[in-house]
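The values are calculated or read from the model by the stated rules, or taken from the named source; none is laboratory data. Everything quoted here is computed from the prediction, not taken from an experiment. Note that each Cβ is placed from the backbone with ideal geometry, even for glycine, and that neighbours are counted across all protein chains shown. In case anyone asks, the SASA skips ligands and DNA or RNA and just uses the protein heavy atoms, side chains included. Shrake-Rupley method; radii C 1.70, N 1.55, O 1.52, S 1.80 Å.
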Amino acid sequence: MRIAVLGAGSLGTIVGAYLADGGMDVELIDSYKEHVERLNQEGAKVIGTTDFHARVKAITPEEKAGTYDLVLLLTKQLYNKAVLQELLPFLHEVSVVCSLQNGIPEEVVGSIIGKERVIAGSVEFGATFIEPGVSNLTTEFSQFKQYAFQIGELNGESTDRIQEIKSILDLVGGTHISDNLVGTKWSKLLINNAFSGLSAALNGEYGDILDDETGITSAVHIADETIKVGHANGVHFAKMGGFDVESLELQSEHEIEARIQTLRAVMEPSRLLRASMLQDLEKNRKTEIDYINGVVPKLGESKGISTPFNEMVVKQVKFAEESQTVPEFDVNVQAFKELLVH
């Protein structure tokens, strides 16, 4: 099987390294030329909670040739239309594109490449790009090997191709098949909203949010808003790593402290993670905030659901984008403190 990792950034470098080490015919595709050159010259190096090195083949998008049987889509949603249009000539009739992007992009992906080609997935580990050729795995290694991905057919069926893709991704880390793909993607969206969004809006690692009373309480409210909007749109949230995400919903203000303790326990293994959106802000790049926290206000408005905490995250990240500044934790957290008072 010929495999492409399309978007070999922090996550894609790790995925490509383990697939190559496992004997797969895989190409890492990325537009960052220095990164591509370093990968070819020195291989992919994974540091952080592990120390791993593998020889890999990397190319730039312009160097694609032939057709791919499986494409692991790890580019940012911002570029989906252009990236997928460029990919079309390199797909054959039964090629599969496995969307491992943040958010819930499958409808757009399917509209461009054909819904029958799409398998959706959720990446359940974190990583930070260090320098060309080097990625930092920030999730505790044993958890990474147990829960790295959830994947599934859009209709929830168990098929031969989903089993085959699971066996391939198992070379990277524990891969679990979901019969509730929509719920899986929304569960990942919830975690991204509560922690990636806040990490970018406040400028901190997940641990900074866990340790700050306003930060963690805001994360609880962001999760609650996401669950309520999901439910209003017919979503049944899937478990993540055995954890019942829907248990985070608030039925009353009296439950906040219990939800804080739950969220702290669940997210503790990811405390070293810094959101890729924060890394984008540091590099004066546009973020995916509209496809992460921005999804909740957009879908909540039509259902009459208030989403002030997600809206505040979007507001702060967009301000940083437009002003080309990096947020200050102590400054931006005040806006969330005011939301909690009202």
Condition first: out of contact with any Phe, Trp or Tyr (no Cβ under 6 Å at 6 or more places or on another chain), more than 29 Å from Leu340 (Cβ to Cβ), open to solvent by 10 Å² or more (accessible area, probe 1.4 Å) and charged (D, E, K, R). Can you find one or more residues in region 186-195 that meet it? no
Of the candidates Glu116, Glu107, the one satisfying the condition of being acidic (Asp, Glu), over 25 Å from Val296 (Cβ atoms) and not in a loop (DSSP other than H, G, I, E, B) is Glu116
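In region 2-30, which residues are in a helix (DSSP H, G or I), within 15 Å of Ile130 (Cβ to Cβ) and open to solvent by 10 Å² or more (accessible area, probe 1.4 Å)?
So the first thing to find is which residues in region 2-30 are in a helix (DSSP H, G or I), and the list is 10-21.
Okay, now just the ones that are also within 15 Å of Ile130 (Cβ to Cβ), so 10-14, 17.
Matches in region 2-30: Ser10, Leu11.
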Which strands (runs of 3 or more DSSP E) sit wholly inside region 39-89 and have at least 1 residues that are out of contact with any Asp or Glu (no Cβ under 9 Å at 6 or more places or on another chain) and buried (at least 19 other Cβ atoms within 10 Å of the Cβ)? 44-48, 68-73
Answer residue from region 220-231, given it is without any contact (Cβ under 8 Å) to a residue 60 or more places away in the chain and within 17 Å of Thr262 (Cα to Cα) and is surrounded by the most Cβ atoms within 10 Å (Cβ to Cβ) among those: Ala223
Where Val317 falls short, out of the listed (1) outside any helix (DSSP H, G or I); (2) touching a residue at least 24 places away in the same chain (Cβ under 8 Å); (3) over 16 Å from the mean Cα position of the chain (by Cα): (1)
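If I ask for residues that are in contact with a helix residue (DSSP H, G or I) (Cβ under 9 Å, 6 or more places away or on another chain) and within 20 Å of Gln279 (Cα to Cα), which ones from region 30-43 would you list? Before you say what the answer is, go through the steps one by one.
Here is the first cut: in region 30-43, the residues in contact with a helix residue (DSSP H, G or I) (Cβ under 9 Å, 6 or more places away or on another chain) are 30-31, 35-36, 39, 43.
Across region 30-43, the qualifying residues are Asp30, Ser31, His35, Val36.
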Give region 103-155 a look and list any residue that's buried (at least 17 other Cβ atoms within 10 Å of the Cβ), over 30 Å from Glu93 (Cβ atoms) and charged (D, E, K, R), or say none. Glu124, Glu140
If you take the residues of region 232-252 that are open to solvent by 70 Å² or more (accessible area, probe 1.4 Å) and touching a residue at least 12 places away in the same chain (Cβ under 8 Å), which of them is farthest from the chain's Cα centre (by Cα)? His236
Exception for Phe129 within (1) without any contact (Cβ under 8 Å) to a residue 12 or more places away in the chain; (2) aromatic (Phe, Trp, Tyr); (3) part of a strand (DSSP E or B) falls at (1)
Residues in region 109-136 that are within 21 Å of Ala238 (Cα to Cα) and either charged (D, E, K, R) or over 21 Å from the mean Cα position of the chain (by Cα) (or both): how many? 1
Test each condition in (1) under 19 Å from Ser218 (Cβ atoms); (2) among the basic types (Lys, Arg); (3) not in a loop (DSSP other than H, G, I, E, B) for Lys298 and report the one that comes out false. (1)
Checking Val46 against (1) over 22 Å from Gln150 (Cα atoms); (2) β-branched (Val, Ile, Thr); (3) in contact (Cβ under 8 Å) with a residue 40 or more places away in the chain, which test does it fail? (1)
Close pairs from region 253-264: first over 13 Å from Ile222 (Cβ atoms), partner exposed (fewer than 13 other Cβ atoms within 10 Å of the Cβ) and of a type outside the set (Phe, Trp, Tyr), Cβ under 6 Å, at least 6 apart: none
Does any residue of region 172-192 turn out to be in contact with a strand residue (DSSP E or B) (Cβ under 7 Å, 6 or more places away or on another chain) and within 17 Å of Gly9 (Cα to Cα)? no
Give region 137-171 a look and list any residue that's more than 16 Å from the chain's Cα centre (by Cα) and either under 18 Å from Ser276 (Cβ atoms) or of a type in the set (Asp, Glu) (or both), or say none. Glu140, Glu153, Glu157, Asp160, Glu164, Asp170
List pairs: first residue in region 132-149 and part of a helix (DSSP H, G or I), second residue open to solvent by 10 Å² or more (accessible area, probe 1.4 Å) and of a type in the set (A, V, I, L, M, F, W, C) anywhere in the structure, Cβ distance under 6 angstrom, at least six positions apart or on different chains. Phe144/Phe125
Within region 290-305, restricting attention to residues that are more than 20 Å from the chain's Cα centre (by Cα) and not small (Gly, Ala, Ser), which residue is most open to solvent (accessible area, probe 1.4 Å)? Glu301
Has region 196-203 got any residue that is open to solvent by 10 Å² or more (accessible area, probe 1.4 Å), under 14 Å from the mean Cα position of the chain (by Cα) and not acidic (Asp, Glu)? yes
